[in-house]
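Peer 1: To start, I am sharing the structure in question, which I have written as structure tokens.
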Amino acid sequence: MSSHDNVVVDQSVDFTPRSPGNQRRGRRSVGYFFEAYALLFLLIAVAVFFSLWPTTSDTFPTLANLQILLGNQAVIGIVALGALIPLIANEWDLSIGAIAGVSSIVTALAMSNGIGAIASPAIGLALGATFGLVNAVIVTKFGVNGVITTLGTATLLDGVTNQVTGGLAITTDIPDVVVNFGLGNWFGIPSVIFALVAAAVAVAYVLGYTPFGRYLYAIGSNVEAAKLVGIRVRLIIASAFVCSGLLAAAGGILSVARQAGADPRIGVGLTLPALAAAFLSAAAIKPGRYNVGGVIVAIFFLAVINNGLALAGVPAYVSSYVNGAALIVGVGLAAYLGRRRTGRTL
């Protein structure tokens, strides 16, 4: 076929009238695109607003502020990824913040006692996985509701954290290599962001390209159907809680590097924004499905709003309004988009 023939074929495709079915599919594709990326576009719009608003234009778009904004989201992002995994199977893990908090305390204590910059985080990770396993056993073996189980675990761990620390932060003898990583920049980007990227890529791969991820989505879609096709539902859910505890612990350990120590109050401030981001993920990138890309977009959407409002001098309690509203909206959107994707009604 000559090059002239190729041109003729291309033109015939361009000018052939579309059938009504093709037009409807085209409209649906455009609608899906805007639905999938609406939160991302909104994130960009909010960032532009704070960059141009006279009250924050001198501070928000500066390199220093952007580095702080990015760096501060790494911990919340990893904890939110932990919340995401059981959430896909319709299980809520309310203990993620408490697990992050106690893991950070134990890791910092181990470092302060000279255990080292490698062994100490390993202890923290093992502790997080252990608490995740405790949640898993209670939920899958004893049939206790996941919300009640993880809320109880969170309450117990908050008590342990306060007993061990006496309410005081641990900041002594944290190895320089840990602090340098937490506060340093690589190529002008906070180094902790690379830890978030690594965690996000790993979780995205597991959810999208392994049987474990497919089973999680199958359980979340219809648990009874999942049982009928032979999926070991209890084992998958138990594994999800263990993964959640492991990632929450990783977030807590990263906070030790970021803060050059461990604050016993950190867990309280992590749970709500992490859950809000996990729920909002169903409204971004893959509408109707909890997903990693949506979590990252939601994390930075909430961060930009809170950062901009803080720079504008808005009282700190407003961030609670933002995160609480985001959680409510996220739950509502996730339910609505999920029903619409599967064609179910209330």
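Peer 1: Can you work out which of the residues in the stretch 154-178 that are touching a residue at least 60 places away in the same chain (Cβ under 8 Å) and among the acidic types (Asp, Glu) is nearest to residue 101 (Cα to Cα)?
Peer 2: Here the residue is 158.
Peer 1: Can you tell me which residue within the stretch 267-282, out of those that are surrounded by fewer than 24 Cβ atoms within 10 Å (Cβ to Cβ) and among the hydrophobic types (A, V, I, L, M, F, W, C), is modelled with the lowest pLDDT?
Peer 2: To start, the set of residues in the stretch 267-282 that are surrounded by fewer than 24 Cβ atoms within 10 Å (Cβ to Cβ) comprises 268-269, 272.
When the remaining residues are screened for being among the hydrophobic types (A, V, I, L, M, F, W, C), the result is 268, 272.
Details: 268: 83, 272: 87.
Here the residue is 268.
Peer 1: Could we say that residue 79 is under 19 Å from residue 268 (Cα atoms) and in contact with a Lys or Arg (Cβ under 7 Å, 6 or more places away or on another chain) here?
Peer 2: Against the criterion (under 19 Å from residue 268 (Cα atoms) and in contact with a Lys or Arg (Cβ under 7 Å, 6 or more places away or on another chain)), residue 79 does not qualify.
Here is a yes/no grid of residues against (1) crowded, with 19+ Cβ neighbours inside 10 Å; (2) closer than 25 Å to residue 181 by Cβ; (3) in contact (Cβ under 8 Å) with a residue 60 or more places away in the chain:
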{"residue": "97", "(1), (2), (3)": "yes, yes, yes"}
{"residue": "118", "(1), (2), (3)": "no, yes, no"}
{"residue": "124", "(1), (2), (3)": "yes, yes, yes"}
{"residue": "127", "(1), (2), (3)": "yes, yes, yes"}
{"residue": "152", "(1), (2), (3)": "no, no, no"}
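Peer 1: Filter the stretch 254-267 down to residues that are over 16 Å from the mean Cα position of the chain (by Cα) and either within 25 Å of residue 294 (Cβ to Cβ) or part of a helix (DSSP H, G or I) (or both), then give me how many there are. Please lay out each step first, then the result.
Peer 2: Within the stretch 254-267, the subset over 16 Å from the mean Cα position of the chain (by Cα) is 256-266.
Remaining after also requiring either within 25 Å of residue 294 (Cβ to Cβ) or part of a helix (DSSP H, G or I) (or both): 256-259, 266.
Number satisfying all stated conditions: 5.
Peer 1: In addition: Test each condition in (1) assigned to a helix (DSSP H, G or I); (2) in contact (Cβ under 8 Å) with a residue 60 or more places away in the chain for residue 64 and report the one that comes out false.
Peer 2: (2)
Peer 1: Can you tell me which residue is nearest to the chain's Cα centre (by Cα) among those in the stretch 165-195 that are loosely packed, with under 14 Cβ neighbours inside 10 Å and in a helix (DSSP H, G or I)?
Peer 2: Filtering the stretch 165-195 for residues that are loosely packed, with under 14 Cβ neighbours inside 10 Å and in a helix (DSSP H, G or I), the one nearest to the chain's Cα centre (by Cα) comes out as 180.
Peer 1: Just to be sure I understand, how many residues within the stretch 216-240 are touching a Ser or Thr at 6+ places or on another chain (Cβ under 9 Å), assigned to a helix (DSSP H, G or I) and over 21 Å from residue 250 (Cβ atoms)?
Peer 2: Residues flagged as touching a Ser or Thr at 6+ places or on another chain (Cβ under 9 Å), assigned to a helix (DSSP H, G or I) and over 21 Å from residue 250 (Cβ atoms) within the stretch 216-240 amount to 4.
The values are calculated or read from the model by the stated rules, or taken from the named source; none is laboratory data. Source: prediction; values computed, not measured. Cβ atoms come from the backbone with ideal geometry, glycine included; neighbour counts cover every protein chain shown.
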